[in-house]
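This is the structure, below, for whatever I ask next.
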Amino acid sequence: VGLIVVNTGGGKGKTTAALGIMLRACGYNMRGVMIQFIKGSWFYGEKKSLSRLSPNFRLITAGKGFVGILDDKLPKEEHQRAAKEALDIAVDEVRNKDNDIVVLDEINYAIHLGLISEVEVISMINQKYPTVHLILTGNFATEQIINLADTVTEMKEIKHAYQKGKKAQIGIDY
Ligand code: ATP
Ligand code: MG
């Protein structure tokens, strides 16, 4: 039976843990998709390396870049539209019994930012085909989603290089 897995918390490792599961599952020739809810305009390694897991795993980037920080010049409505689009795709993917694993990256954070509603996300979860494993990542997972999930991990930051002024490292951070 398909599990609902949540990777949340303020420490590093939420997305990479989900990618690790995809890598592991690929070893059994399992299939699925990662849908990125927020990051879309920057380059990150998994964009290319997931294509090496093709055709088993796909990456769909619907997000419009980093919301509200750095070079974000887009109005919130643009981000909302992109996140809603990602959620519509997610509904199709979780209902598709050909998928073994569906990863919804940063979906928790998208709810936290008000880009999509918790109600819509729970409705998506409830439409999941029973055998599909669903992984939801992002900080600030809501109580209701945590309650619905089977496995919930909170990445707890002990320290992060960024705090010492060490910039994001290729292959490690992106
Ligand atoms: P990763 O993709 O490395 O698993 P993540 O998914 O847990 O990280 P995100 O919030 O998606 O965390 O952030 C992605 C980027 O931000 C990565 O470059 C990561 O190293 C960095 N990052 C994660 N947590 C922190 C933190 N507590 N402080 C500073 N940077 C962080
Ligand atoms: Mg992440």
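Multiply the residue gap between Glu120 and Asn139 by 0.36 nm, knock off their C-alpha separation, and tell me the result in nm, one decimal place. Don't skip to the answer; put the middle values down first.
Numbers: separation 19, 0.36 × 19 = 6.84 nm, distance 1.79 nm.
Length gained, Glu120 through Asn139: 5.0 nm.
Same structure, new question: Given the Cα-Cα distance of Thr16 and Asp98 and 0.36 nm per residue of separation, how much length would full extension add, in nm? Show your work: numbers first, answer last.
Details: separation 82, 0.36 × 82 = 29.52 nm, distance 2.34 nm.
Value of the extension gain: 27.2 nm.
Sort Leu136, Leu104 so that the residue with the fewest other Cβ atoms within 10 Å of its own Cβ comes first and the one with the most comes last.
Values: Leu136 30, Leu104 27.
The order, fewest Cβ neighbours first, is Leu104, Leu136.
Sticking with this one: If neighbour count is taken as other Cβ atoms inside 10 Å, put Thr8, Thr131 in order from fewest to most.
Exposure proxy ranking, most exposed first: Thr131, Thr8.
For the chain, what does -39500 (n - 2.57) per DSSP helix run (n ≥ 4), summed and divided by total residues, give at 222 nm, in deg cm²/dmol to the nearest 500?
Taking each H run of at least 4 residues, the total per residue is -9500 deg cm²/dmol.
Sticking with this structure for a sec: How many percent of Cα pairs in segment 84-141 exceed 17 Å?
On the way: 487 of 1653 pairs.
That fraction is 29 percent.
When Phe140, Phe43 are ordered from fewest to most other Cβ atoms inside 10 Å of their Cβ, what list results?
Ranked by crowding around the Cβ, least crowded first: Phe43, Phe140.
Under a 10 Å cutoff between Cα atoms, tell me which one of Lys47, Lys159, Lys12 has the largest fluctuation in the Gaussian network model of the chain.
Greatest mean-square fluctuation among the candidates belongs to Lys159.
Name the residue, out of Gln163, Gln127, Gln36, whose mean-square fluctuation peaks in a Gaussian network model built on the chain with Cα pairs under 10 Å.
Judging by the Gaussian network model, the answer is Gln163.
Can I ask one more? Length gain on complete extension for the stretch Lys166 to Lys48, per 0.36 nm per residue less the alpha carbon to alpha carbon distance?
Full extension of this stretch gives 40.0 nm more.
Another question, if that's okay. Using the Kirkwood radius built from alpha carbon pairs, what does the Stokes-Einstein equation give as D for the chain at 4 °C and 1.567 mPa s, in µm² per second?
Working: Rh = 16.3 Å.
Roughly 79 µm²/s, to the nearest whole number.
Laboratory data are not the source of any read-out in this text; all were calculated from the coordinates shown. This one's a predicted model, so the numbers in the text were calculated from it and none came from an experiment. With ideal geometry, Cβ positions are generated from the backbone for all residues, glycine too; neighbour counts draw on all protein chains shown.
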